[in-house]
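One structure below.
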Amino acid sequence: MRPTYLEVNLSRLKQNLENIRTKVAPAKVMTVLKANAYGHGIDGVAPYIAPYADYIGVALAEEGIHLREIGIDKPILVMGGTLPEQVPVFIQYDLTLAVSSPELLDAAEEAAQAARTKLKVHLKIDTGMERTGVHEYEAGPFLEKSLSCSHLGIEGIFSHFANSEMPDLIHAKLQLERFNDVLSFYEKRSVPHPPIRHLANSGAVLQLPESYFDMVRPGVMFYGVYPGREVKRTVEVKPALTWRSRVAYSKVTQPGRPVSYGSLWQPQSPARIVTIPCGYADGYFRRMTNRAQVIVNGKKYPQVGRICMDQFMVNVGDDDAKVGDEVVLFGEGITAEDLAEWAGTNEYEAMTSISARVPRVFVQ
Ligand SMILES: *Cc1c(COP(=O)(O)O)cnc(C)c1O
């Protein structure tokens with residue numbers, strides 16, 4: 001195995017889930033495992049965490065299919081946009097469809113009827129994200145129509161927040177109010193078994209208890225990372241990732257001998273420069289050049305010179321470092337927030353960009 005790998009602490013994830021559960025009870029928890037479990041590695045995370053999850057959320061049908069193929073039998077909601085022609089695979093793999101338009105509702109009813117089965121769906125309402133879903137002001141006829149789809153099990157109804165992690169919750173509260181208005185349909189119509197209602201992502205789990213309803217959908221906080229710096233940290237969660245590598249080369253570089261492509265950096269006096277066998281093709285962003293820091297032998301040092309596709313250099317100055325020495329790129333004092341800041345992005349992108357080329361090692 002290559003010396004660059006991602007260590008994933010599974011017990012941390014379980015503890016995070018337990019802490020979230022304690023906070024939101026009696027609401028259930030949908031564990032969001034999209035995007036390769038936010039970069040953590042779906043093949044290790046899903047089998048371990050599935051027994052503790054009430055529901056699993058993914059973005060794509062393919063992600064749901066993959067979970068079925070590795071033996072996950074918990075209910076799985078595919079939350080992202082789905083095309084009508086993809087509906088048959090939902091039936092084939094027992095995936096729950098997010099129905100975000102009257103057209104998709106028709107396609108789902110038709111496909112389920114043709115397969116002589118009942119397909120589980122969650123109705124998607126757009127309360128102010130302007131992404132997918134039926135606008136709350138057009139939801140009445142949509143909900144009405146769903147009641148007459150005899151081949152669909154209308155198991156859930158949900159919406160998604162655009163700003164729940166902000167200190168100012170005005171927009172989130174407006175979305176909540178709109179969602180509540182939509183839900184009043186079920187009382188007015190005295191529907192005997194109203195669907196599971198869910199709305200809260202991580203920001204809302206932390207800041208908006210009124211939005212828990214029957215189930216919550218935490219993603220980033222399940223992985224121990226808070227959604228943004230300003231969010232209230234009302235649940236304790238801890239990161240589970242350590243991105244490790246080892247020194248692959250060590251040499252002294254003289255002033256006047258710039259390091260790496262573009263010759264962007266050179267030392268002022270002779271300095272020991274070590275090469276780390278990891279690069280932007282692994283998700284160690286090129287745009288972190290001359291900004292990132294890494295830990296070599298337990299101490300933080302600056303990354304120097306252009307980050308290459310498969311390697312980058314670190315200046316350990318007058319210190320000693322030799323081939324094989326331990327390196328940490330992320331974890332142990334280097335946070336997702338650090339990576340996000342160096343790369344000019346958010347914590348989500350920093351984690352989900354760690355590419356499949358980096359082996360995942362699961363520990364407990
Ligand atoms: C990704 C996603 C979530 C989880 O969001 P976090 O901010 O990571 O908690 C919840 N709901 C939907 C619909 C999503 O797409």
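Give segment 238-271 a look and list any residue that's part of a strand (DSSP E or B) and surrounded by fewer than 16 Cβ atoms within 10 Å (Cβ to Cβ), or say none. Those that are part of a strand (DSSP E or B) and surrounded by fewer than 16 Cβ atoms within 10 Å (Cβ to Cβ): Tyr249, Lys251, Val252. The set of residues in segment 232-259 that are away from the ligand (no atom under 16 Å from the Cβ) and of a type in the set (Gly, Ala, Ser) comprises Ser245, Ala248, Ser250, Gly256. Here the condition is being in contact with a strand residue (DSSP E or B) (Cβ under 6 Å, 6 or more places away or on another chain), of a type in the set (S, T, N, Q) and more than 29 Å from Val225 (Cα to Cα); of Ser190, Ser146, it holds for Ser146 alone.
Residue-by-condition table, conditions (1) touching a Pro at 6+ places or on another chain (Cβ under 9 Å); (2) among the hydroxyl-bearing types (Ser, Thr, Tyr); (3) at pLDDT below 95:
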position: Pro239; (1), (2), (3): no, no, no
position: Ser245; (1), (2), (3): yes, yes, no
position: Tyr249; (1), (2), (3): yes, yes, no
position: Thr253; (1), (2), (3): yes, yes, no
position: Gln266; (1), (2), (3): yes, no, no
position: Ser269; (1), (2), (3): yes, yes, no
position: Asn297; (1), (2), (3): no, no, no
position: Asp310; (1), (2), (3): yes, no, no
position: Ala321; (1), (2), (3): no, no, no
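Of the residues Val235, Val191, the single one that is among the β-branched types (Val, Ile, Thr), closer than 23 Å to Glu332 by Cβ and either surrounded by fewer than 20 Cβ atoms within 10 Å (Cβ to Cβ) or not assigned by TED's automatic domain parsing to the domain that holds Phe161 (or both) is Val235. Being crowded, with 20+ Cβ neighbours inside 10 Å and not basic (Lys, Arg): is that true of Val323 here? Spelling it out, it is not the case that Val323 is crowded, with 20+ Cβ neighbours inside 10 Å and not basic (Lys, Arg).
Cβ-Cβ distances below 7 Å connect the following pairs, each with a first residue in segment 240-261 that is closer than 22 Å to Gly317 by Cβ, a second residue that is in a loop (DSSP other than H, G, I, E, B) and hydroxyl-bearing (Ser, Thr, Tyr), and a separation of six or more residues or different chains: Ser245/Thr4; Pro255/Ser269.
For first residues located in segment 202-228 and free of Cβ contacts under 8 Å to residues at least 12 places away in the same chain and of a type in the set (Val, Ile, Thr), partners that are near the ligand (Cβ under 8 Å from one of its atoms) and not in a helix (DSSP H, G or I) and lie 6+ apart or on another chain with Cβ distances below 7 Å do not occur. Quick check on Leu97: is it farther than 13 Å from Phe222 by Cβ, in a strand (DSSP E or B) and not small (Gly, Ala, Ser)? So Leu97 fits the description; yes.
The values are calculated or read from the model by the stated rules, or taken from the named source; none is laboratory data. Predicted, not measured: the structure shown is a model, and the values here were computed from it. When we count neighbours, we look across all protein chains shown, and the Cβ atoms used for this are built from the backbone with ideal geometry, even at glycine.
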